[in-house]
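Below: one structure, written as structure tokens.
The values are calculated or read from the model by the stated rules, or taken from the named source; none is laboratory data. All figures in this text were calculated on a predicted structure; none of them were measured in a lab. Every residue, glycine among them, receives a Cβ derived from its backbone with ideal geometry; neighbour counts consider all protein chains shown. For the accessible areas, the whole protein counts, side chains as well, though only heavy atoms, and no ligand, DNA or RNA atoms are used. Shrake-Rupley method; radii C 1.70, N 1.55, O 1.52, S 1.80 Å.
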Amino acid sequence: MTVDDTEHTLSTIAAMSEVTAGEWSRLGGAARGSHSDSSGSGIESGIIYNPFVSHAFLSSLEDSGSVSAETGWLPRHIVLRAPDGSLEGAMPAYIKSHSMGEYVFDHAWADAFERAGGRYYPKLQCSAPFTPATGPRLMVRPGPGDEARRRTLAAGGRVLCTQLGLSSAHATFVPETEIPAFEAEGYLHRTDQQFHFQNPGYGSYDDFLDTLASRKRKQLRKERKAALENDITIEWLTGSDLTEEIWDIFFEFYIDTGGRKWGRPYLTRTFYSMIGERMAEDVLLVMARRNGRYVAGAINFIGGDCLYGRHWGCVEDHPFLHFEVCYHQAIDFAIAKGLARVEAGAQGEHKLARGYLPATTHSAHYIEHPGLRRAVADYLERERRDVEHVAQVLSEHGPFRKGGNEADKSGD
């Protein structure tokens, strides 16, 4: 696809290797070191660093074979260039032959359309593959006219559908601030729900516990103590700690759990080596050790203001160890490093009792076929109301004290 106007050229690239890490890092959200200041706004770009749209992460997926035509993720990134050839914007995008590894489910849409005689696949997917974490999708170089550039990128997804005969374009885990640009280009707005831990500036985990109802506070203390029985200890590994030996151990965890959960794990062993080489400072492994060997672990990615929990695995089952490794330790790390929140992945109402509250996620969907578009639009209108209602109900059943009642702190 190539679209020209008087100022920019919109085209596609087939691999991240067609752009340099340096020029990609000038796009909002892609530069390591972008972080929030005391007002909560991003330094320099105005968009806080998200590791999943970094050149290192996206190129590692491709170079390791985790993302490819063979796995059903054919890269077709949409790029926007100025007349001098400089990169002004990009939308990470893939031509998909299935709907796996996305975490925003459209299987019912595909089934209905194909039963009616349509052809749903291939489709265009704008996302960080295998990653249910909100981050920039309309990535532009900061400056005057950036909103217009976002609209141009969103339009690029629509144009690509028409030119290649794709049924639809789906931008998932989109920042709410990008939704207007997508809607202006004919995309439909979808919402869903995750559970995030918010850190208002706790000095310690005990400070967080002090905000909970007494019964919940006791429950979490008991749970954390039980998780570390049987002489289990926890280690945080990042940067130079991430040796090939450590990756071998963690990959064993991933294969065991991923094989049982998904049938076929998405990521290759080479992927882990590559992120260890290219972005080790952005990676945190929380590892559990017993009797001199690691028995469980979880991988997290460190953003400008957020810790993103991804997946975990184990070779021994211990009560509450999953909650300790994935949720409690993530809170400990976020508090220790001054991160504003923890996003612990998709779904999971069990996170509510552990201090993770409902958070709305957003996606945008362009549907070519008028009939399918009408049906999806009607469904999404009802779904948005349901998501909002469920979030309100769940928020009322969180573990926090009602009204800040200090008397409730007694009896621990």
In sequence order, calculated HN-Hα J values of segment 56-65 (Karplus, 6.51, -1.76, 1.60; Hz; x Gly/Pro): 4, 5, 5, 5, 5, 4, 6, 5, 8, x
So the angle from the long Cα axis of helix 214-227 to the longest Cα principal axis of the chain, reported in degrees to the nearest 10, equals 90 degrees
Give me P(r) over segment 292-412, computed from all C-alpha to C-alpha distances, binned every 5 Å, as integer percentages. 2, 8, 14, 15, 15, 15, 12, 9, 6, 3, 1, 1, 0
Among the listed pairs 216/351; 218/402; 216/402; 218/351; 222/351; 225/337, those beyond 20 Å (Cα-Cα): 225/337
Solvent-accessible area of residue 9 with every protein chain in place, 1.4 Å probe, in Å² to the nearest 10: 50 Å²
Can you send over the solvent-accessible area of residue 18, 1.4 Å probe, protein chains only, in Å² to the nearest 10? 100 Å²
Low-density loop positions, chymotrypsin sites (Phe, Trp or Tyr not before Pro), segment 78-131 - DSSP coil, at most 16 other Cβ in 10 Å: 105
Solvent-accessible area per residue for the chain (1.4 angstrom probe, square angstrom): 42 Å²
Tell me which of 60, 352, 72 sits at the most positive position along the dipole axis of the chain, charges placed on C-beta atoms (Lys, Arg +1; Asp, Glu -1). 352
Write down, largest first, the equivalent ellipsoid semi-axes of the chain in whole Å, where each equals the square root of 5 times an eigenvalue of the alpha-carbon gyration tensor. 36, 24, 22
Quick one: what does P(r) look like for segment 215-333 with 5 Å bins over all Cα pairs, in whole %? 2, 11, 21, 24, 20, 13, 6, 2, 1, 0
Given a Förster distance of 41 angstrom, what is the FRET efficiency for residue 349 paired with residue 151, based on the Cβ-Cβ distance and rounded to 0.05? 0.65
Counting only protein chains, not ligands or nucleic acids, how are 123, 222, 216, 402 ordered by accessible area (probe 1.4 Å), most first? 222, 402, 216, 123
Simple spin-label estimate for residue 198 and residue 374 in nanometres, 7 Å along Cα-Cβ: 4.1 nm
If you roll a 1.4 Å probe over segment 159-235 with all protein chains in place, what percent of the accessible area is carbon or sulfur? 49 percent
R0 = 22 Å: FRET efficiency of residue 315 with residue 218, Cβ-based, nearest 0.05? 0.10
Tell me the Kirkwood radius of segment 38-129: reciprocal of the mean inverse pair distance over distinct alpha-carbon atoms, in Å. 15.5 Å
With r as the distance between the Cβ atoms of residue 391 and residue 68 and R0 = 35 Å, compute the FRET efficiency 1/(1 + (r/R0)^6) and round to 0.05. 0.40
Mind putting a number on the dipole of segment 86-233 about its Cα centre? Charges go on the C-beta only, +1 for Lys and Arg and -1 for Asp and Glu, and I need it in Debye to the nearest 20. 260 debye
Note down the accessible area of residue 279, probe 1.4 Å, to the nearest 10 Å². 10 Å²
